[in-house]
Every structure is written in C-alpha cells, then in structure tokens.
Amino acid sequence: MKDPQADVVAGKQLFVQKCGSCHTLARAGTKGTTGPNLDEAFQQPVKENFGETAIRGVILKQILFPNRLPNSDGIKMPAKLVSGQNAHDVAAYVASVTAKGGKDTGRLASAVKAAGAGTAVEKAGVLSIPADPGGQLAFAAAKATGTAGPVTIEMPNKSGTQHDIVIDGLGKGAVVANGTSSFKATLDTGKTYTYYCSVPGHRAAGMQGTLTVK
C-alpha cells in the first residue's frame, strides 16, 4: 500500500514515539544517537535536489527492511517498528523535514507536546518523576522538589523506550520499559541534586533534571 496523501502529523507523533530515542531529527526535536543522524544522512541528497518522493521511498524501505548489520555498539534496528499506513506516515514526515532548517509550523508545530515543563513534588516520602510517556529522551518534569530525610525516588516509564533514573551518590534504579525504575535514598537539607537517565546517549540528549531539597 502506498498513500501519497500520508498524514505527516501522525507521522511526526509516531516518529518521536518510536524512532526518536535512536535518531536525531532537528525539526522533530529528537536527539537520539544510537542510529544515524537523519539530517546528516540526507543532507547531500537534499542539496542535490534528490526529491522528497525519492527520499521518502528510501526511508520507507529502511523502516520495513532495515540494514541487517548492527552498529558499533552491537545494536541493530528492528524491522517494522511501524508498519502499514503508519510506516508511510513516518516516511512522509521525515522526508518532508530532513536536512531542512527552521521549525515545524501549523498543526505540525503542536503535534508533539514538549517534555520537561512540569515540576515533580515529593508526596508522603515518594518522589515520582515520570519518563516522557511519548518516548522522548526526557523526563516529564525537569525540576523536582523534596524534603530532607528518607525518600523513594521512582520513575514510571509508560513508553517502550528503555530508561532508568540515577542520582550520583544516592542511588540508581533499574533500566525499564513499560515499568517503574526506583531506589531509596536519604536527602540532605538545602542540597541540590541532578537526576538523569544513564542509558547511553539519553543524558546527552537532555534527559536530566534538578532536584532541590527544602
């Protein structure tokens, strides 16, 4: 099935959720490093006016039948992370924005909610800092507050992207997908801590935040 009228808004949402943890694509706001940087990968074809339709075809083929060879870390892209019309939607969106400057406009600009805007607050000895449920490399809250003393720090992760939560010197939760990473710690009065995801490439992509103890 090939649909030239693919839904690029749905394509952007699916790309961020399914592909953004591995690929950098500036217009989508993703910073994954496991797979190729898609802006760099298609920079020359775009410069040479290869054509959006042709680029879309290349992307679709890679989604459905990815390179069988793993990268330098031994990680291989799974086939058909998206399929059917979803694959066409993703391919159409990526082809329309790859290696292009500026920002998405119109409906595309609001297609994916920005992560990290909230503040997590400790309640009854539990500080819950969710991972972005859409699969972005970010916590739902880039700031958190807590009180001095014993606390359970947890990171619910409703996405299929693997994450953990770590505070150096305090503790490290397990790496989970569709689960909860947690550890117990004792917070010191007046201190500021940095929490982050230790999965390779995630902290560098911006998956970290600041915990302030009152």
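Here, each number is a calculation from the coordinates, and none is a lab measurement. Values in this document were obtained by computation on a predicted structure and should not be read as measured data. Every residue, glycine among them, receives a Cβ derived from its backbone with ideal geometry; neighbour counts consider all protein chains shown.
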Per the Cα gyration tensor, segment 8-110 corresponds to an equivalent ellipsoid with semi-axes, largest first in Å, of 20, 15, 14
Based solely on C-alpha atoms, express the radius of gyration and the Dmax of segment 118-213 in angstrom.
-> 11.9, 35
Please report how far the C-alpha centroid of segment 6-33 lies from that of segment 103-117, rounded to the nearest whole angstrom.
-> 11 Å
Could you give the length gained on full extension between residue 49 and residue 126, defined as 0.36 nm per residue of separation minus the Cα-Cα distance, in nm?
-> 22.3 nm
How much net charge surrounds residue 42 when only the other residues with a Cβ under 11 Å from the Cβ of residue 42 are counted, with Lys and Arg +1 and Asp and Glu -1?
-> -1
Along Cα→Cβ, 7 Å out, is where each label goes; now give me the distance between the ones at residue 203 and residue 79 in nm to one decimal.
-> 3.7 nm
Relative contact order (%) - the chain, alpha-carbon pairs under 8 angstrom, separation at least six = 19 percent
Would you work out if the chain is rounded, prolate or oblate? Take a ≥ b ≥ c from the square roots of the eigenvalues of the alpha-carbon gyration tensor; rounded if a/c is under 1.5, else prolate when a/b is larger than b/c, oblate otherwise.
-> prolate
Which of the residue pairs 31/103; 18/172; 123/191 have a Cα-Cα distance greater than 21 Å in the structure shown?
-> 18/172
